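A quick write-up on the structure given underneath.
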Amino acid sequence: MINLLKERMHFPVARALIRLKSEQARVRAMGKSPVVHIEEPYTGQKIMLLALYEKGVLRPDVLRLLRVARQAGLYVLAVNTLKLADPGALRGLVDCYIERPNFGRDFGSYKTGFLHVYDRGWHKTCPRLLMINDSVYFNSTRMPKFIDDMMSSDVEALGSTENFEHEYHLGSFCIALGRPVLKHARFVRYWRNYRLTDVRPAVIRRGEMGLSLVLKRCVSAPSQMQALYGASRFAEEIERDPHLMAFTIQNARRSDRAHWKRATPESLVGYLLGRYSIPTYLTKPDEISLEASLADVDRNEWIASYDDVVRSVRNRVENPQLIDDASVRRTLASLLVEIFMVGSHIHQNLASLVYLGLPLIKLDGLYRGVHNIEDINTVGNLLPDAEAVEMRKLLMERPYGENTLYGWKRAAFMRGYL
């Protein structure tokens, strides 16, 4: 309660400071133009527009991403908000490298990149463009197939994942766009008119949410805007693959800091019992003894897998032989799909998505509280050892904000401004 009161007191100051800092960054950026360090001739290839926030040197996983893009024959246009020590060292990996003033977050880099494409007329011949940023860790083993899936698809606006927080939108950290969208007047106008800001809620509103609203108007049909690893795909896969159900239950998100629904032992067992069972009394209620020992009352079951869930249900009902495994699987699949669809899918279902083939791991999971150390280790077990070490280090450099920030910064974090 005391912390809540402190946050309420600090928040007006926090909001004012963040807006002031954004305006200061805007002023510092005024009159400064992006600097093009490398630009090779463009000959009509598919383009990867990569928004970077890298100082000095690029992260190892970003370098591996660039090598995969090179192998896929993509024209790589990279826009960096910070500065590299030796931009020329990127020749051979990057076709066009631009450094811009540090203002506007990732959407500022996207805007610089799209305007570069439009000013040079590349959109007239570009068959497909992948917009992606380095707010995610890139797993090398899954990346080649992922790039091929994103760039060979005919879907006009194909995100990697979906997000149901606030309202439906594609995760702006990775979206592939077909030529009909690239050339659409409304889409071009969106980028030419996009107003830069460093205020996070405004970036989410104008950028992530606003972009999806524009895409909905630019695609030729509703089916032309979807996610490669969307809820519908998860629903199909979990019905088809019993291993995915077992994996999802065993590796569901453990952090309880986010308010999103989770696949906990209580929720799984309770849902099955509520769906198929009713209470029965072998003894009249008024004859039940109240003299049970504490040991009889305070007992817990160990539930860590699909088989444990089914065993627990069998132990709680009469005539357990009547339980039909196919019905249980269908019911649990429905519940797991409902849980999958909550909030930001890449945060809510990270382990399951990596299991399915997604090579992207959001780097703010621990900071936002949607993941804990166990969640990070779970995903790390799905990666090559060296990459697991890299990924853990990057996430653990940003521990949970509520525990590490103080004063106006903590107030700003709790309201989504940091």
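Suppose we keep just the DSSP beta bridges with both residues in the chain; what percent of those would be antiparallel, to 5?
Close to 45 percent.
Please report the net charge: other residues with Cβ closer than 13 Å to the Cβ of Leu82, K and R +1, D and E -1.
Surrounding charge for Leu82 is +1.
Using a 7 Å offset from the Cα along the Cα-to-Cβ direction at both Asn377 and Glu402, what is the distance between the two label points in nm, to one decimal?
Output for this residue pair reads 2.2 nm.
Just to be sure I understand the model, the point goes 7 Å from the Cα along the line to the Cβ. What's the resulting Trp302 to Glu39 distance in nm?
Spacing of the two 7 Å Cα→Cβ label points: 6.4 nm.
For n ≥ 4 DSSP H runs only, could you compute -39500 (n - 2.57) per run for the chain, divide by its residues and tell me the 222 nm figure to the nearest 500?
It lands at -14000 deg cm²/dmol.
Measure off 7 Å from each Cα along the Cα-to-Cβ vector at Thr141 and Arg314, then give the distance between these two points in nanometres to one decimal.
Taking the two extended label points, one gets 3.3 nm.
How big is the dipole moment of the chain about its Cα centre under a simple scheme where the beta carbon of each Lys and Arg is +1, that of each Asp and Glu is -1, and everything else is neutral? Debye, nearest 20, please. Intermediate results must be reported in sequence, preceding the final value.
On the way: 58 positive and 47 negative charges, 516 e Å.
So the dipole magnitude of the chain works out to roughly 2480 debye.
Gain in length, Arg192 to Leu418, computed as 0.36 nm per residue apart minus the alpha-carbon separation, to one decimal in nm?
78.7 nm
Using modelled amide H (1.01 Å from N, peptide plane; none on Pro or chain starts), what sits under 5 Å from the amide H of Asn80, excluding residues fewer than 5 places away?
Residues meeting the amide H criterion: Leu52, Ile98, Glu99, Arg100.
If you add up the charges near Val68, with Lys and Arg at +1 and Asp and Glu at -1, over every other residue whose beta carbon is less than 12 angstrom from its beta carbon, what do you get?
+3
Please list, in chain and number order, the residues 5+ apart from Tyr137 or on another chain whose amide H is under 5 Å from its amide H, with Hs placed from the backbone.
Ile361, Lys362, Leu363
Give the residue list of chymotrypsin sites (Phe, Trp or Tyr not before Pro) in segment 172-207 that are DSSP loop and have at most 10 other beta-carbon atoms within 10 angstrom.
Filter output for segment 172-207: empty list.
Using only Cα atoms, locate the centre of segment 317-336 and the centre of segment 139-214, then give the distance between them in Å, rounded to an integer.
Cα centroid of segment 317-336 versus Cα centroid of segment 139-214: 39 Å apart.
Excluding Glu40 itself, what net charge comes from residues whose Cβ is under 13 Å from its Cβ, given Lys and Arg +1 and Asp and Glu -1?
Net charge in that neighbourhood comes out at +1.
How about segment 1-69: which trypsin sites (Lys or Arg not before Pro) there are in a DSSP loop, with at most 14 other Cβ atoms within 10 Å of their Cβ?
Working: sites: Lys6, Arg8, Arg15, Arg19, Lys21, Arg26, Arg28, Lys32, Lys46, Lys55, Arg64, Arg67; in loops: Lys32, Lys46, Lys55.
Answer by residue number: Lys32, Lys55.
Counting other Cβ atoms within 10 Å of each Cβ, which trypsin sites (Lys or Arg not before Pro) in segment 110-202 have at most 12 and sit in a DSSP loop?
Loop-located and lightly packed - Arg120, Arg195.
If you take the beta carbon distance between Ala89 and Tyr53 as r and set R0 to 22 Å, what does 1/(1 + (r/R0)^6) give as a FRET efficiency, to the nearest 0.05?
On the way: r = 18 Å, r/R0 = 0.82.
Once the sixth-power term is evaluated, E becomes 0.75.
Sort out for me the Cα centre separation of segment 52-104 from segment 356-418, rounded to whole Å.
23
Laboratory data are not the source of any read-out in this text; all were calculated from the coordinates shown. Everything numeric here is computed off the predicted structure, so don't read it as measured data. In this analysis, Cβ positions are derived from the backbone assuming ideal geometry, glycine residues included, and neighbour counts consider all displayed protein chains.
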